[in-house]
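S.K.: Here it is: the structure, laid out below.
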Amino acid sequence: MSMVRIVDGIVYEGKLSPDRFEASVVELAHGHREASVRQCVDWVEVGPLHRDSRAAQILRGEIEDPDAEEKAERSRRSAARRAKSRTRKSAKHQGLDTMLTLTYRGNQTDKALCAEHFKAFVRRMRKVVPGFAYIAFPETQRRGAWHVHIAVRKLPEVVSYRGLVTLKSFNVIRAIWRSVAGEWGGNIDVGRKKRNSKMSAARCAAYIAKYCLKAFEDGEFGSKRYWSSRGVDVPKPTRMQFQAASLAELIDLVVSFVGEGGRVLATSWLSRFRDCYFVAGERPS
């Protein structure tokens, strides 16, 4: 497989290196580790771009790029993958392991209003659950009404409501959302809560990562597709390159790293082109 880049009027051709790989490892809070191995690309200078070539004419704006739509779609998919990675790591780093769904009884179809309601919900939640952390994805139902999928930390069994009485946390959450939703009527999807309430943070992260991809598929370009806690400082990965190595050897290396300290492997996959491998582990709860 070859690739082409044009930099400052010079054409470069890239091919997957047969024996050069990059390993990336990151240690997140709450006992999570992720690692990947990717085949490197070797770039070789081909020469100056011919001024009469189609590529040169496109760069000068003399003709339209017939591949513009395909390139835009590739860019969109790349942005979705980056967002999926960010939300997955953020969920693990924050220890989010519980799924909730906020719904409207009425057919509330205004996304901006849903965003306002959710901001008010978060403000009120932080009064009863200090440090309330979340990643949330708004989504429309078939009827057009908005609802919000939220990943949060496991909530305490009971909380103090308005400093007066101690109530079950689920009842307090429902009361807060209903007060925010007002005339539209709010509720928490009890069915989803029973199925997906408490899970491992790795599984929860994978679950919301799917919502992230769907949000990019359904959302308008450039729109805010998800909401999350601010000020979350997710560690950056450490990257290392290996020369004259094999993919199998490096897979063994990263699997050993992820499994240290009694961690269990939460997920792993090898790309269909066998040029990228990913593995994640977490400490058992």
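Read-outs throughout are calculated quantities, based only on the coordinates presented, and are distinct from any laboratory measurement. Everything quoted here is computed from the prediction, not taken from an experiment. Positions of Cβ are backbone-derived with ideal geometry, glycine not excepted, and every protein chain shown enters the neighbour counts.
S.K.: Would you please give the residues with an amide H less than 5 Å from that of LEU96, counting only those at least 5 places away or on a separate chain, with H modeled from the backbone geometry?
M.R.: Amide H to amide H, under 5 Å and 5 or more residues apart or across chains, LEU96 pairs with nothing.
S.K.: For the range 228-285 and the range 91-118, what is the centre-to-centre distance using only Cα atoms, to the nearest Å?
M.R.: That distance is 31 Å.
S.K.: Right, here's the next one. Can you bin the chain into rounded, prolate or oblate? Criterion: square roots of the alpha carbon gyration tensor eigenvalues sorted a ≥ b ≥ c, rounded for a/c under 1.5, prolate for a/b above b/c, oblate for the rest.
M.R.: It is oblate, given that a/c is not under 1.5 and a/b is not larger than b/c.
S.K.: How large is ³J(HN,Hα) for each residue in the range 34-49, as worked out from phi by the Karplus curve 6.51 cos²θ - 1.76 cosθ + 1.60 (θ = phi - 60°), to whole Hz, x for Gly and Pro?
M.R.: 10, 8, 8, 10, 10, 5, 6, 10, 9, 9, 10, 5, 8, x, x, 6
S.K.: What does the charge count around ALA244 come to, taking other residues whose C-beta lies under 15 Å from its C-beta (Lys +1, Arg +1, Asp -1, Glu -1)? Could you put the intermediate results ahead of the total?
M.R.: On the way: positive: ARG20; negative: ASP19, GLU22, ASP42, GLU249.
Charge balance in the 15 Å sphere: -3.
S.K.: Could I ask something else about it? What is the range 98-198's relative contact order, in percent, from Cα pairs under 8 angstrom and six or more apart in sequence?
M.R.: 42
S.K.: Same structure, new question: On full extension of the chain, what length is gained from LEU49 through VAL264, given 0.36 nm per residue of separation minus the C-alpha to C-alpha distance?
M.R.: 72.3 nm
S.K.: Next question, about the same structure. If you average the sequence gap of Cα pairs under 8 Å that are 6 or more apart and divide by the length of the chain, what percent do you get for the contact order?
M.R.: Normalised by residue count, the contact order of the chain is 27 percent.
S.K.: May I pose another question? Distance in nm between label sites at ASN171 and ALA245, each 7 Å beyond Cα in the beta-carbon direction?
M.R.: The modelled label-to-label distance comes out at 5.6 nm.
S.K.: Under 15 Å from a label point 7 Å along Cα→Cβ of ARG230: give me every residue in the range 95-127 with its amide N that close.
M.R.: Answer for the range 95-127: 116, 119-124, 126.
S.K.: Now for a different question. Quick one: if you stick a label point 7 Å off each Cα along the C-beta vector at ASP252 and LEU59, how many nm between them?
M.R.: 4.6
S.K.: Would you list the membrane-span-like helices of the chain, meaning whole DSSP H runs whose alpha-carbon atoms span at least 24 Å along their axis and whose mean Kyte-Doolittle value is at least 0.0?
M.R.: The answer, listed by residue number, is 201-218.
S.K.: A further question follows. Of the residues VAL26, VAL148, VAL46, which exhibits the maximal mean-square fluctuation in a Gaussian network model of the chain defined by a 10 Å Cα contact cut-off?
M.R.: In the Gaussian network model the winner is VAL46.
S.K.: May I ask you to evaluate 6.51 cos²θ - 1.76 cosθ + 1.60, the Karplus curve with θ = phi - 60°, for each residue of the range 8-14 and list the ³J(HN,Hα) values in order in whole Hz, giving x for glycine and proline?
M.R.: My calculation for the range 8-14 gives 6, x, 10, 8, 10, 10, x Hz in order.
S.K.: According to a simple spin-label model (label point 7 Å from Cα along Cα-to-Cβ), what is the distance in nm between SER271 and VAL158?
M.R.: If labels sit at VAL158 and SER271, their model points lie 5.3 nm apart.
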